[in-house]
1. Taking B:Phe90 as meeting all but one of (1) touching a residue at least 24 places away in the same chain (Cβ under 8 Å); (2) facing another protein chain (nearest Cβ under 9 Å); (3) out of contact with any Ser or Thr (no Cβ under 8 Å at 6 or more places or on another chain); (4) aromatic (Phe, Trp, Tyr), write down the number of the exception.
2. What's the total number of residues in region B:1-25 that are of a type in the set (Val, Ile, Thr) and within 16 Å of ligand 2 (Cβ to nearest atom)?
3. I need the full set of residues from region B:26-59 which are away from ligand 2 (no atom under 16 Å from the Cβ) and open to solvent by less than 40 Å² (accessible area, probe 1.4 Å), in order please.
4. What pairs come out if I take residues in region B:11-32 that are more than 14 Å from every other protein chain (Cβ to nearest Cβ) and pair them with residues that are within 16 Å of ligand 2 (Cβ to nearest atom) and charged (D, E, K, R) whose C-beta lies under 6 Å away, six or more apart or interchain?
5. So for region B:123-141 (the condition being within 14 Å of another protein chain (Cβ to nearest Cβ), within 16 Å of ligand 2 (Cβ to nearest atom), under 24 Å from B:Ser50 (Cβ atoms) and open to solvent by less than 60 Å² (accessible area, probe 1.4 Å)), does at least one residue qualify?
6. Just to check your reading of the model, which residue among A:Thr208, A:Thr168, A:Thr178 is free of Cβ contacts under 8 Å to residues at least 60 places away in the same chain, of a type in the set (Val, Ile, Thr) and more than 30 Å from B:Val101 (Cα to Cα)?
7. Looking at (1) surrounded by fewer than 22 Cβ atoms within 10 Å (Cβ to Cβ); (2) within 14 Å of chain A (Cβ to nearest Cβ); (3) within 16 Å of ligand 1 (Cβ to nearest atom), which one does B:Ile209 not meet, given that it meets all the others?
8. Exactly one of (1) under 23 Å from A:Leu200 (Cβ atoms); (2) within 13 Å of chain A (Cβ to nearest Cβ) is unmet by B:Ile168. Its number?
Amino acid sequence: MVERLKRFFGDDIKTNFIFLTIIAILYPIIYVFSPGWGVVLGHGVTWISALLGFNLLFGYTGLLSFGHALFLGVGAYTVGFMYKYLGINNIELHLLGGILSSTVVALIIGPIVVRYTRIFFAIFMLAIAQILWSLYYKFYWVTGGTDGIKIPRFSILGISLEKLDFATYHHVYFYFVTGLTFILVYIMWRIINSPFGLTLKSIRDNETRARFIGVDIYRARLYAFIISAIYASITGVLAVNHHRLVTPDIAYWTTSGKVVFATLLGGARIFIGPIVGSFVFHIIESFAMKFIYWQMVMGILIIAIVILMPGGIAHLARTLVDVVVSHRRRGG
Amino acid sequence: MEVLKLLKVKKSFGGVRALDNISIALSEGEVVMVIGPNGAGKTTLINVISGYLYPDEGRIMYMGEDITRYPPLERVGKGIVRSFQLVNTFDKLTVYENILVSVLSRKKYQYAFRKILDEYTDALEETENILKLFGLSDEADENIMSISYGDRKLVDVAISFALNPKLIMLDEPTSGVATKDKDNIMEKILDVIRKTKVTSIIIEHDMDIVFRYGVRIIVMHQGRIIADGEVEEIRKNEEIKKVLLGGVYA
Ligand SMILES: Nc1ncnc2c1ncn2[C@@H]1O[C@H](COP(=O)(O)OP(=O)(O)O)[C@@H](O)[C@H]1O
Ligand SMILES: [Mg+2]
């Protein structure tokens with residue numbers, strides 16, 4: 001069954017692993033030439049989890065969330081509070097904390113929001129995310145307000161990274177996150193290719209019919225929502241450890257916009273789309289930042305790309321591969 | 001044994017009486033064809049039995065149990081399955097996936113995510129068998145939207161049969177299909193019904209088809225049942241023919 005999908009470039013798990021491996025091999029080389037671009041790749045790999053989570057809802061369940069910053073924020077502030085109040089800077093515990101808190105938040109709001117679809121779901125999510133953002137912003141005695149919460153370098157399995165030089169620290173971060181991303185990608189791929197994944201697609205395509213073949217659509221959507229929340233919170237946990245600062249920015253609507261755009265850019269209909277999208281988005285962002293009005297430049301660039309490549313980069317790549325393959329077949 | 005029993009079921013939309021005091025009983029394995037002009041209330045009948053709508057009055061009994069207020073999901077779980085008048089499939093999926101998702105749901109795997117689809121060999125095998133049963137094997141890997149409308153209708157019906165229903169309701173399975181293909185579709189459906197011995201309600205708009213394939217026929221008009229009997233009885237009744245021919249057919 002999955003065999004049937006595998007002929008498609010980008011839905012095969014191998015394509016995804018090869019892509020990530022190539023980036024992992026290129027990383028130290030790029031870093032030597034330009035540490036700045038190394039950091040950009042670091043951002044790229046950090047955001048994959050959030051994009052995969054977002055796309056489980058968008059590309060596979062048909063729910064467009066304009067509020068995924070909500071869960072990045074939950075992950076980020078879990079880290080902030082764990083450090084500020086408990087002195088924990090262990091990244092495994094941060095991840096565990098982020099997963100638990102995002103699950104709790106998803107269980108509270110999920111049962112309500114999954115009853116809505118289309119623009120109603122999108123706006124509902126945006127509103128809830130903005131409420132949480134305003135809490136981080138207003139309750140400065142807890143959250144540090146816009147100054148945020150500064151956190152030190154994380155430790156892995158109790159091993160402190162404080163004494164490492166900058167370059168080594170960056171490499172440790174990058175390979176830790178890449179390793180984790182391999183696992184997250186694999187798990188997500190299994191979910192999407194499981195019976196549950198097919199059920200989600202059936203809801204996306206035809207909610208009414210799904211109900212009449214015996215699918216509890218709210219239940220299925222809630223499960224997807226929780227998984228999506230966990231994936232987004234993991235990026236929140238990683239991103240603030242990367243920046244070593246937790247501010248309300250990560251919970252702001254622009255973060256939600258970034259998740260949406262980066263996914264569209266990569267391609268929402270192909271599994272590899274969000275993975276490619278994450279890297280390309282950050283590369284474009286880092287070019288755009290050279291301009292004064294970089295956000296505007298970014299916006300225009302993204303709109304242009306989305307209009308010119310409606311299926312995203314992954315779709316374009318697949319089309320090219322298809323053309324080459326069919327050409328060869330005809331030729332040979 | 002009585003599978004389905006409707007007792008004085010009523011349903012109105014504003015001033016329109018879509019179902020006006022409907023009482024029907026179906027015994028196990030029975031196949032009923034429902035015919036009537038447009039707006040007679042045929043689709044509404046399926047809607048109230050499947051739980052898509054609730055009746056204003058009356059009771060619906062299924063296997064001796066009052067299911068009048070049961071939500072659709074619960075009815076599906078009990079084996080009450082329907083298809084829709086307009087093709088209702090999963091449009092971005094392949095023919096194979098359209099049927100597989102239904103098979104998985106019946107096997108209660110619809111939320112299972114620990115194993116990938118490949119590992120559910122029982123479900124995959126059943127899907128292949130259903131495809132074969134409906135003569136759709138050759139199109140298994142096609143996107144559902146790229147096959148002919150007639151075949152999409154068959155897939156739609158196959159999705160319903162994949163649930164192993166105890167009571168199946170098909171709303172005009174041949175509507176929108178070229179006349180020459182109608183017989184083919186109806187024959188395939190009746191063939192599967194014969195093999196599975198499932199109790200069936202088939203709404204059919206086409207009088208010729210009904211008289212050719214029907215056994216027990218229910219004629220509806222303006223929300224009422226105006227005849228319920230053997231095909232020969234109905235065929236001979238000139239009054240009923242007049243209603244059917246006089247009705248607005250579109
Ligand atoms: N959901 C609805 N809302 C309003 N009116 C409806 C609805 N469903 C059916 N009707 C009306 O009820 C009557 C019976 O419709 P229907 O059961 O679809 O007839 P049939 O399937 O026999 O053509 C029609 O007059 C139709 O307009
Ligand atoms: Mg109808």
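The values are calculated or read from the model by the stated rules, or taken from the named source; none is laboratory data. This is a predicted model, so every value here is computed, not measured. Because the Cβ atoms are built from the backbone with ideal geometry, glycine has one as well, and the counts that use them run over all protein chains shown. Just the protein is used for accessible areas: all its heavy atoms, side chains included, with ligands, DNA and RNA removed. Shrake-Rupley method; radii C 1.70, N 1.55, O 1.52, S 1.80 Å.
1. All conditions are met except number (3).
2. 2
3. Pass one, region B:26-59, residues away from ligand 2 (no atom under 16 Å from the Cβ): B:26-31, B:51, B:54-59.
Result: B:Leu26, B:Gly29, B:Val31, B:Gly51, B:Pro55, B:Gly58.
4. These pairs meet every condition: B:Ala18/B:Lys11; B:Leu19/B:Lys11; B:Asp20/B:Arg224.
5. There is no residue in region B:123-141 that is within 14 Å of another protein chain (Cβ to nearest Cβ), within 16 Å of ligand 2 (Cβ to nearest atom), under 24 Å from B:Ser50 (Cβ atoms) and open to solvent by less than 60 Å² (accessible area, probe 1.4 Å).
6. On inspection, the qualifying residue turns out to be A:Thr168.
7. It fails just one condition, (2).
8. With respect to (1) under 23 Å from A:Leu200 (Cβ atoms); (2) within 13 Å of chain A (Cβ to nearest Cβ), B:Ile168 is out only on (1).
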